[in-house]
Amino acid sequence: MINVREPLDLFRFISIENENFLVSIANNRDEFGLFSHVHGLYRPAMSNVNVTENEAVIFQLITFIHYHLLFSTSCLIRCHLSEAFASARAAIDAALIGAMIIKDRSLQVAYAKRERPFDKLNRHLRNFVRDKKPLPHHHVGELLKLHDKCSAFASHADIGSFVHRIDFSRPSDQSDPMMTVEYFQFAKNQIERKIHCLALLFTFVMILDVFSDFLVFEHEVVPLDWQNELHGLGAKIEKLNDELKVELGQSNPGEPK
């Protein structure tokens with residue numbers, strides 16, 4: 001027999017969210033500094049921009065992605081880990097669409113009609129990777145891998161969605177194990193928490209880079225220094241993330257890296 005505790009009510013749920021928010025703000029100051037830098041690079045690409053009808057969909061996609069930057073970060077600091085990466089996955093989808101349309105503006109018609117290749121875009125692009133055909137952007141292959149990693153945190157109600165939510169315990173005063181489906185997901189330790197945050201930020205840096213050549217050289221809404229700063233920030237986050245993974249492996253030698 002498995003005992004299941006009572007579910008949270010709305011006010012208790014919101015109360016815990018707010019508590020998680022405050023604790024995350026206190027514990028993640030360095031990561032929030034990096035978030036501010038990422039947000040600061042999105043801002044000039046979206047502010048006071050005049051667009052033609054042929055370019056409107058590209059900026060609509062960038063705005064959609066920026067929304068998910070804010071939403072996924074807010075999910076992460078409230079300890080909704082699965083929702084944070086599900087949100088990032090939606091942003092990756094938008095980046096892949098943007099890469100296709102930037103490469104060929106005539107595809108906007110197919111996108112609006114939900115026709116090929118946009119009806120099964122990820123499969124279409126994976127076939128390109130498999131067959132070693134030219135990709136619409138050099139980040140597409142890596143973004144597809146990130147899409148898979150985000151999916152591992154699950155965004156549907158299949159069995160994988162419960163990996164990060166189920167906890168079993170056996171209280172000392174009872175013989176039966178207790179199963180809890182967690183409304184909030186927490187990292188195992190501070191290093192893992194930082195890795196989750198950096199991985200999320202790196203995803204949105206890479207996504208923005210999909211649009212960077214268009215923004216700098218074609219639309220000229222931002223200068224070349226902006227793109228150089230974006231690349232530098234991505235390299236910095238990647239380096240920090242790699243260092244933390246090594247540190248995590250050293251602190252948990254018995255666990256796979």
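The values are calculated or read from the model by the stated rules, or taken from the named source; none is laboratory data. None of the values given here were measured: they were computed from a predicted structure. A quick note on method: Cβ atoms are made from the backbone with ideal geometry, for glycine too, and the neighbour counts reach across all protein chains shown.
Tabulated values for the structure
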| item | result |
| --- | --- |
| Residue that is β-branched (Val, Ile, Thr) and in contact with a helix residue (DSSP H, G or I) (Cβ under 8 Å, 6 or more places away or on another chain), where the choices are ILE14, ILE65 | ILE65 |
| Helices (runs of 4 or more DSSP H) contained in the range 42-125 and holding at least 2 residues among the basic types (Lys, Arg) | 81-103 |
| Residues satisfying the stated conditions in the range 21-50, i.e. among the hydrophobic types (A, V, I, L, M, F, W, C) and without any contact (Cβ under 8 Å) to a residue 24 or more places away in the chain | LEU22, VAL23, ALA26, PHE32, MET46 |
| Of the criteria (1) more than 27 Å from TYR183 (Cβ to Cβ); (2) in contact with a His (Cβ under 6 Å, 6 or more places away or on another chain); (3) of a type outside the set (Gly, Ala, Ser), which one LEU96 fails | (2) |
| Qualifying residues in the range 1-45 (those that are of a type in the set (D, E, K, R) and exposed (fewer than 14 other Cβ atoms within 10 Å of the Cβ)) - the one modelled with the highest pLDDT | ARG43 |
| Residue, surrounded by the most Cβ atoms within 10 Å (Cβ to Cβ), within the range 69-91, restricted to residues that are touching a residue at least 40 places away in the same chain (Cβ under 8 Å) and under 25 Å from ALA112 (Cα atoms) | ALA88 |
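Yes or no, residue by residue, for (1) under 15 Å from VAL38 (Cβ atoms); (2) at pLDDT below 95; (3) surrounded by fewer than 19 Cβ atoms within 10 Å (Cβ to Cβ):
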position	(1), (2), (3)
GLN190	no, yes, yes
ARG193	no, yes, no
CYS197	yes, yes, no
VAL210	yes, no, no
ASP213	no, no, yes
VAL216	no, no, no
PRO223	no, no, yes
TRP226	yes, no, yes
